[in-house]
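The values are calculated or read from the model by the stated rules, or taken from the named source; none is laboratory data. Everything numeric in this text was worked out from a predicted model, so none of it was measured. Reconstructed Cβ throughout: ideal geometry from the backbone, glycine too, with neighbour counts over all protein chains shown.
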Amino acid sequence: MSLLDNPFDPAREAALVTGAGNGIGRAIAQALVGEGVRTVFADVNRDTVTAAVKASPRPDLAVPFVGDLASRDACDALLAAAQSAVGRVTHFVHSASPPRREADHAFAVSGETWEQMRAVNVDAGFHLARELARKLIAADEPGSFLFLTSLHAGTPRNLPHYSTAKAALAMLVKELAKTFGRFGIRVNALVPGAIAAGGFVADPALAKHIPLGRLGRSEDLAPMALAVLSNRVSAYVTGAAIVVDGGLSLTTGLSLPILVTCGSPEPRLRGETPEREDTSCLAMISALFEQQMVQPSVLEGRRCRGLGSRCWSWG
Ligand SMILES: NC(=O)c1ccc[n+]([C@@H]2O[C@H](COP(=O)([O-])OP(=O)(O)OC[C@H]3O[C@@H](n4cnc5c(N)ncnc54)[C@H](O)[C@@H]3O)[C@@H](O)[C@H]2O)c1
């Protein structure tokens, strides 16, 4: 049998996924159901959570729950509903998070928006995880919890309510991993990059800063989520932050290095002198100008002067 066969034990394991109505939470919840795991799909939006259940590979294993997880009462209602629908929850995924709006910068964000972001991400995440852990510990059963954090747990996002909530969540993962570990409950963070999933309205131009060359999709997160959640695959992984970002976090304020092939299969590095003339480079350089990947100031004073006739490298 392959190592990756049967990552879950559907007879003993059941899952609860928040934010399962859309985006990454939806993809993870549907993937869990696809592995035969009974899964509660929790979300504030009735329409989307109903659709997510319906579109899942095994709707018979998917249980919808609708409630605003900013409220402690709704969290407790979710715990009770999950217990009665699927029994003991062994796998918890916390993906719910209010929408990010670019207008909510430091001077504009309202107290209510700040509060909602913290309540859904941090307060609900802590309360649900602690109550689920209590049940697992009482039953002497192992578990695995996964929190959706963000690269902006460590870098500003111009949305202070969002980045501070995610920073808190990142530390919560470490706190819970340390405390729950002795009871066989693993706690990890899944850190998406730029995922065009709904909650983040991605500018396609961002793709040029991503080493793997494209924005992410929710489906890019689900396989890694399953691997980390699985006690068979990741039995010795806890307190980790697993980054799934196509390499976006490798990008600093500096642009990606510009490599061109200029008619040769071998990419040319900056500073290299081309072996032969190749006017196709003109089109390539023009395209890079248009994409704003090459600023005129980058070219000036460097060797890339013969735009019309000769391909020179630059950088
Ligand atoms: N998409 C990205 O690029 C990206 C990047 C980094 C981190 N993340 C994180 O991953 C998670 C999922 O992101 P996404 O883009 O799929 O988001 P999304 O907005 O598409 O989905 C979030 C879901 O949470 C639900 N939700 C919001 N408020 C709720 C509440 N009060 N109670 C219950 N449910 C509520 C929404 O209805 C929605 O279905 C989020 O925690 C997000 O912060 C996403």
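Remark: pairs (first residue in segment 53-68, under 17 Å from LEU79 (Cα atoms); second residue outside any helix (DSSP H, G or I) and of a type in the set (A, V, I, L, M); Cβ separation under 6 Å; 6+ apart in sequence or on different chains) = VAL63/VAL40; PHE65/VAL40; PHE65/ALA42; ASP68/VAL44. Within segment 182-209, the only residue that satisfies the criterion of being more than 10 Å from the ligand (Cβ to nearest atom), in contact with a Ser or Thr (Cβ under 7 Å, 6 or more places away or on another chain) and farther than 30 Å from ARG88 by Cβ is HIS209.
Residues that are surrounded by fewer than 19 Cβ atoms within 10 Å (Cβ to Cβ) number at least 2 in the following strands (runs of 3 or more DSSP E) confined to segment 143-254: 241-244.
Condition check ((1) out of contact with any strand residue (DSSP E or B) (no Cβ under 7 Å at 6 or more places or on another chain); (2) of a type in the set (A, V, I, L, M, F, W, C); (3) closer than 29 Å to ALA194 by Cα) across all residues:
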position: VAL40; (1), (2), (3): no, yes, yes
position: ASN45; (1), (2), (3): yes, no, yes
position: PRO57; (1), (2), (3): yes, no, yes
position: LEU79; (1), (2), (3): yes, yes, no
position: GLY87; (1), (2), (3): no, no, no
position: PRO98; (1), (2), (3): yes, no, yes
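Of all residues being at pLDDT 95 or above and charged (D, E, K, R) in segment 5-24, which is nearest to PHE145 (Cα to Cα)? Just the residue, please. Of everything passing the filter in segment 5-24, GLU13 is nearest to PHE145 (Cα to Cα). For ARG268, the conditions (1) assigned by TED's automatic domain parsing to the domain that holds THR179; (2) at pLDDT below 95 all hold with the exception of (1).
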